[in-house]
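Student: I'd like to ask some things about the structure below.
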Amino acid sequence: MKNILKTFALLLFVSAFSCKQDSDKEEKEVLPKNPIVENYNISILLDLSDRISLEKNPNPTMEYYQRDLGYIKSVSEAFTQHLKSKRIRQINDKMQLFFNPEPKDPEINSISKKLRIAIDKNNASKDLLNSINSNYALQTSKIYGSAIKDNNFIGSDIWGFFDTKVKDQCIENGDRNILVILTDGYMFYDGTVMTEGNRTTYITPKLIQKNSLNTKDWEKKLQDQDFGFIKAGEDLSNLEVLVLGINPSHNNPYEEKVIKAYWTKWFTDMKIKHFEIKNADLPSNMEKIIKDFIIGNH
């Protein structure tokens, strides 16, 4: 009987030891690796041209400026989600908002300064983190309200912003640099109208029509004759770009594809590796896309 009990006890011990080993093995397999701590440097470039005009471009479903505000809300939420995933001592992140050119309204420029956030271990606090989203929502709403009320849309110089400001203002060495551009996809600004062969600093419905890029063979023509934007930077490989709000004219069924091809070619020429170009859609449909771009896979 004693031998039977000893044998039974030994079996229990071996079984328990084996289970513990299996458990330890499983635990090791499922334990996540330490995530890479990244510092985010997020910039938002607003196109405050007449694309947001309630008179020229009304939209009964949701006005375009309201869509912009929804997109900005998702960007802000992604930024704060990233901050809250870090330990206080690891935080050294930035978010800022730009226009080009700067609006003549001094109030708008004053508001934009409040939206330049630099947060690190010295000023990070629960209250500050919790206030970022509401602050961004309030201040950006004021900016759009003022621009629409002023009704003096001077255009948006996106090409010039890339040419003279992106490297200095949107890129920090060692950071994950993300630029979010809110625009309808067209580019035109009187101060930077240039042409080099079939390359330009602008794209408008009139230009697309003039270059006969409104037919089914537009793609072949674009490649063979090298239509596109003039390059505005040699190496922007440490910049990621998310373009939101593409809103092509409905007069040409190929317009959307042409616009996206121009932007894609431009970003590729400037060695931007990670970029996405998205149409104007309801903020609820864009939220996941925006957050996946900013915090997904990172």
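Student: Need one number for the range 130-227: average projected area of the convex hull over its C-alpha atoms, nm².
Tutor: Orientation-averaged projected area of the Cα hull: 9.9 nm².
Student: Report the charge-dipole magnitude of the chain in Debye, nearest 20, computed about the Cα centre from +1 at each Lys and Arg Cβ and -1 at each Asp and Glu Cβ.
Tutor: It works out to roughly 1100 debye.
Student: Could you work out [θ]222 nm for the chain from helices alone, using -39500 (n - 2.57) per DSSP H run of at least four and dividing by all its residues? Round to the nearest 500 deg cm²/dmol.
Tutor: Computed mean residue ellipticity for the chain: -15000 deg cm²/dmol.
Student: Among the lysines in the range 60-134, how many pairs, 8 or more places apart or on different chains, have alpha carbons under 16 Å apart?
Tutor: 12
Student: Same structure, new question: With a 1.4 Å probe and every protein chain kept in, tell me what percent of the accessible surface of the chain is carbon plus sulfur.
Tutor: Ligands and nucleic acids excluded, carbon and sulfur give 50 percent.
Student: Computed from the coordinates I sent, P(r) over Cα pairs in 5 Å bins from 0, in percent equals one of (1) 1, 5, 10, 13, 14, 14, 13, 11, 8, 5, 3, 2, 1, 0, 0, 0; (2) 1, 5, 10, 14, 15, 14, 11, 7, 5, 3, 3, 2, 2, 2, 2, 1, 1, 1, 1, 0, 0; (3) 1, 4, 8, 10, 10, 11, 11, 10, 8, 6, 5, 4, 4, 3, 2, 1, 1, 0, 0. Tell me the label.
Tutor: (2)
Student: Restricting attention to the range 195-246, which trypsin sites (Lys or Arg not before Pro) occupy a DSSP loop and are surrounded by at most 10 other Cβ atoms within 10 Å?
Tutor: LYS216
Student: Continuing with this model, one more query. Where in the chain lies the longest segment free of GluC sites (Glu not before Pro) that are both loop residues by DSSP (not H, G, I, E, B) and have at most 12 other Cβ atoms within 10 Å?
Tutor: The answer is 56-233.
Student: Still on this structure: Contour minus end-to-end for ASP168 and MET62, with contour as 0.36 nm per residue of separation and end-to-end as the Cα-Cα distance?
Tutor: Here the answer is 34.7 nm.
Student: Give the accessible surface of the range 214-298 per residue, rounded to a whole number of Å², with probe radius 1.4 Å and ligands, DNA and RNA excluded.
Tutor: 50
The values are calculated or read from the model by the stated rules, or taken from the named source; none is laboratory data. Bear in mind the structure is a predicted one, so any value in this text is a computation, not a measurement. Positions of Cβ are backbone-derived with ideal geometry, glycine not excepted, and every protein chain shown enters the neighbour counts. Surface areas here come from the heavy atoms of the whole protein model, side chains and all, with no ligands, DNA or RNA. Shrake-Rupley method; radii C 1.70, N 1.55, O 1.52, S 1.80 Å.
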